[in-house]
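To start, the structure itself, in structure tokens.
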Amino acid sequence: MKDRTVHILIKSEAILPEFDNFGKQSYYLEIYNRGNIPFDYKVSTGKPWIQLEKKKGTIEKEERIMVSVDWKKVPKGIHRIPINISGPKKREREYLQWLRIFQA
């Protein structure tokens with residue numbers, strides 16, 4: 001008998017490496033399916049200047065979603081911004097991301 005359970009692996013708080021306006025980094029979130037039933041997901045952020053490569057889709061096995069920053073729109077300072085991911089059965093978890101901006 002096949003496992004019909006849908007699994008999503010999310011730690012209690014996942015934190016991407018820091019972004020800064022000197023390195024202008026991009027990082028990725030990885031969403032994967034540990035079961036064998038595809039599931040829909042949605043990703044949203046707390047600020048419009050955080051850019052997501054993809055905001056929704058269906059996970060059959062796994063998918064990487066690139067996260068970057070529109071530096072022209074970011075206010076000065078250090079920011080802690082949530083990235084929300086909803087998965088199977090609309091379970092929503094908050095991924096917290098530090099965005100650091102250094103002034104030259």
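The values are calculated or read from the model by the stated rules, or taken from the named source; none is laboratory data. Because the structure is a prediction, the values reported are computed rather than measured. Backbone-built Cβ (ideal geometry, glycine too); neighbour counts: all protein chains shown.
Numbers for the structure displayed
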| item | result |
| --- | --- |
| Residues of the range 57-81 satisfying the condition of being at pLDDT 90 or above, surrounded by 12 or more Cβ atoms within 10 Å (Cβ to Cβ) and assigned to a strand (DSSP E or B) | Gly57, Ile59, Glu63, Arg64, Ile65, Met66, Val67, Ser68, Val69 |
| Per-region count, the range 54-64, residues touching a residue at least 24 places away in the same chain (Cβ under 8 Å) and of a type outside the set (A, V, I, L, M) | 5 |
| Residues satisfying the stated conditions in the range 18-56, i.e. surrounded by 14 or more Cβ atoms within 10 Å (Cβ to Cβ), within 21 Å of Ser86 (Cβ to Cβ) and acidic (Asp, Glu) | Glu53 |
